[in-house]
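Notes follow once the structure below has been shown.
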Amino acid sequence: ILNVEQSPQSLHVQEGDSTNFTCSFPSSNFYALHWYRWETAKSPEALFVMTLNGDEKKKGRISATLNTKEGYSYLYIKGSQPEDSATYLCAWLDYNQGGKLIFGQGTELSVKP
Amino acid sequence: DTAVSQTPKYLVTQMGNDKSIKCEQNLGHDTMYWYKQDSKKFLKIMFSYNNKELIINETVPNRFSPKSPDKAHLNLHINSLELGDSAVYFCASSPRTGPTLYEQYFGPGTRLTVT
């Protein structure tokens, strides 16, 4: 069974706090890891697609790192704002199954003003 | 302009009925997907089509039948609806398949309620 796990499941922070959460995935046969941001009542939107061990990607105050050998990725948000409140999903690419994404259950972030 | 659109947004129907959900993308992408958001809020792949060809068919009851009339459309038809089919169904597209190095673009979802 190929599992993608995210922790914590939920996180409550104050505006201005920096935060991070983890995505764990199978370390064998790695092709790509995706991060998506999913606001309530909207569709998931892609943040990053990461492919190389040691990759670091950044978009504004959000950044992500990737360790394919040990099978984890971190997502960091610097100086959280209320508009960052959303569920953050990671998804591991299972290429042996026709290129399907296996999603984690998400980390639900709530940022209080 | 909506990149990936789904209709209807909400669908309430009775057990045993047959219903369809439509998906269209105007991004010129080759690959389209159907996902089901289960009761634990996991997104799980159901089907994937690349240029009208089925490439992923997960363990889904054969009451679910996808149809892709052209690469911009992927519809989902469900026969003999059951209570357990109640869920939110998301359509998505990406530029191409193979190693999915390309992000996926999701539609707004269709909330199906079977009574």
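Every read-out reported here was derived from the displayed coordinates using simple, explicitly stated rules and does not represent laboratory data. Please read these numbers as outputs of a predicted model, since none were measured by experiment. Virtual Cβ from ideal backbone geometry, glycine too; neighbours counted across all protein chains shown.
Side notes on the structure shown:
- Only residues that are in contact with an Asp or Glu (Cβ under 9 Å, 6 or more places away or on another chain) and either among the β-branched types (Val, Ile, Thr) or more than 14 Å from chain A (Cβ to nearest Cβ) (or both) were counted across the range B:89-115, and they come to 3.
- Pick from the range B:56-115, criterion touching a residue at least 12 places away in the same chain (Cβ under 8 Å) and of a type in the set (D, E, K, R), ranking: farthest from A:Tyr95 (Cα to Cα): B:Glu82
- Residue within the range B:39-52 that is in contact with a Pro (Cβ under 6 Å, 6 or more places away or on another chain), part of a loop (DSSP other than H, G, I, E, B) and aromatic (Phe, Trp, Tyr) present: no
- The condition of being within 14 Å of chain A (Cβ to nearest Cβ), buried (at least 16 other Cβ atoms within 10 Å of the Cβ), in contact with a Phe, Trp or Tyr (Cβ under 8 Å, 6 or more places away or on another chain) and not aromatic (Phe, Trp, Tyr) holds for only one of B:Ser68, B:Ser48, that being B:Ser48.
- Hits in the range B:1-47 - residues which are hydroxyl-bearing (Ser, Thr, Tyr) and over 25 Å from A:Thr107 (Cβ atoms): B:Thr2, B:Ser5, B:Thr7, B:Tyr10, B:Thr13, B:Ser20, B:Thr31
- Taking the range A:21-72 as the range and being surrounded by fewer than 19 Cβ atoms within 10 Å (Cβ to Cβ), touching a residue at least 12 places away in the same chain (Cβ under 8 Å) and among the polar types (S, T, N, Q) as the test, the residues that pass are A:Thr22, A:Ser24, A:Ser27, A:Asn29, A:Thr40, A:Thr51, A:Asn53, A:Ser63, A:Asn67.
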